[in-house]
Amino acid sequence: MSGAIITPRLELHHLRPADYEALAIDRRDQRPWSECGITNPYRCLEEPGSPFHYRLPLLRRDAALAPLLLRVAVLREERIIIGHAGFHGAIDADGMIEIGFSVVPEYRDQGYGKEILHGMWQWVCASSAVRTLRYTVSPDNLPSQHIVRALGFTHRGVQIDEEDGPEDIYEMSVEEYRQRHPSLLCP
């Protein structure tokens with residue numbers, strides 16, 4: 001793992017193609033983490049429905065997507081994984097990129113979700129190709145609904161996800177994100 005995104009309390013490390021392949025063989029393999037001095041006591045990415053299953057085929061088609069697709073959220077001081085985040089794929093032709101994230105139950109309601117999202121969005125907004133940030137969420141996922149609304153994202157509609165059912169679509173332009181959250185952006 002390399003190229004970490006640094007936030008006030010976290011390091012967001014992306015998985016290398018070799019990490020994906022090791023985890024494809026055994027999702028309980030601890031080598032990708034232990035090689036970096038990180039532990040995974042909450043078994044992130046091992047759970048059913050983990051984004052790993054969806055990101056692996058994308059990575060196998062284009063290994064250059066690794067920094068976008070999946071990152072583990074590591075508490076800097078404790079060196080433990082408490083969640084993960086990643087974009088659903090490459091930036092599309094219209095400049096839109098969609099994110100997903102998760103925080104383990106033991107660390108929810110402590111601001112880590114917002115910190116992960118801001119770290120990922122701040123990093124991806126450095127690309128001139130990105131014009132729109134998108135976040136989709138189940139209408140029943142009240143904590144995530146609260147986060148995206150608190151960040152000022154606009155509800156754009158509803159889509160039906162083949163796996164998850166109905167999802168609310170929220171978007172914000174990169175320009176608006178920078179205006180709303182200027183103190184978070186690095187020069």
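The values are calculated or read from the model by the stated rules, or taken from the named source; none is laboratory data. All values derive from a computational prediction rather than experimental measurement. Cβ: placed from backbone, ideal geometry, glycine included. Neighbour counts: every protein chain shown.
Structural remarks
- Members of region 25-84 found to be among the basic types (Lys, Arg), closer than 20 Å to Asp161 by Cβ and without any contact (Cβ under 8 Å) to a residue 24 or more places away in the chain, listed by number: none
- Given (1) in contact with a strand residue (DSSP E or B) (Cβ under 7 Å, 6 or more places away or on another chain); (2) farther than 16 Å from Gly89 by Cβ, number of the condition Pro143 does not satisfy: (1)
- Whenever a residue of region 118-129 is within 12 Å of Leu151 (Cβ to Cβ), its partners that are at pLDDT below 95, lying with C-beta atoms within less than 6 angstrom and at least six residues away or across chains, give the pairs His118/Leu184.
- Considering Tyr112, Tyr170, the condition of being closer than 20 Å to Leu70 by Cα, in contact with a strand residue (DSSP E or B) (Cβ under 8 Å, 6 or more places away or on another chain) and modelled with pLDDT of 95 or more is satisfied by Tyr112 alone.
- Among the residues of region 87-102, those identified as outside any loop (DSSP other than H, G, I, E, B) and either at pLDDT 95 or above or surrounded by fewer than 17 Cβ atoms within 10 Å (Cβ to Cβ) (or both) are Phe87, Met96, Ile97, Glu98, Ile99.
- Just one of (1) surrounded by fewer than 16 Cβ atoms within 10 Å (Cβ to Cβ); (2) closer than 22 Å to Tyr112 by Cα; (3) aliphatic (A, V, I, L, M); (4) modelled with pLDDT under 90 fails for Ile25. It is (2).
- Top-ranked residue of region 65-78 - restricted to ones that are charged (D, E, K, R) and farther than 14 Å from Leu12 by Cβ, ranked as surrounded by the most Cβ atoms within 10 Å (Cβ to Cβ): Glu78
- Flag if Asp62 is modelled with pLDDT under 90, more than 23 Å from Pro105 (Cα to Cα), acidic (Asp, Glu) and surrounded by fewer than 17 Cβ atoms within 10 Å (Cβ to Cβ): no
- For beta carbons closer than 7 Å, sequence separation of 6+ or different chains, a first residue in region 4-17 that is crowded, with 17+ Cβ neighbours inside 10 Å and a second that is β-branched (Val, Ile, Thr), the qualifying pairs are Leu10/Val74; Leu10/Ile116; Glu11/Val74; Leu12/Ile5; Leu12/Ile116; His13/Val72; His13/Val74.
- Filter result (assigned to a helix (DSSP H, G or I), within 14 Å of Leu117 (Cβ to Cβ) and of a type outside the set (D, E, K, R)) within region 128-173: Pro143, Ser144, Gln145, His146, Ile147, Val148, Ala150
- Condition check for Ile169: closer than 17 Å to Gly89 by Cα and either over 16 Å from the mean Cα position of the chain (by Cα) or not hydroxyl-bearing (Ser, Thr, Tyr) (or both): yes
- Selection count where residues are over 17 Å from His88 (Cβ atoms) and not aliphatic (A, V, I, L, M), scope region 14-73: 25
- Taking (1) at positive phi; (2) in contact with a helix residue (DSSP H, G or I) (Cβ under 9 Å, 6 or more places away or on another chain) in turn, Leu68 satisfies each apart from (1).
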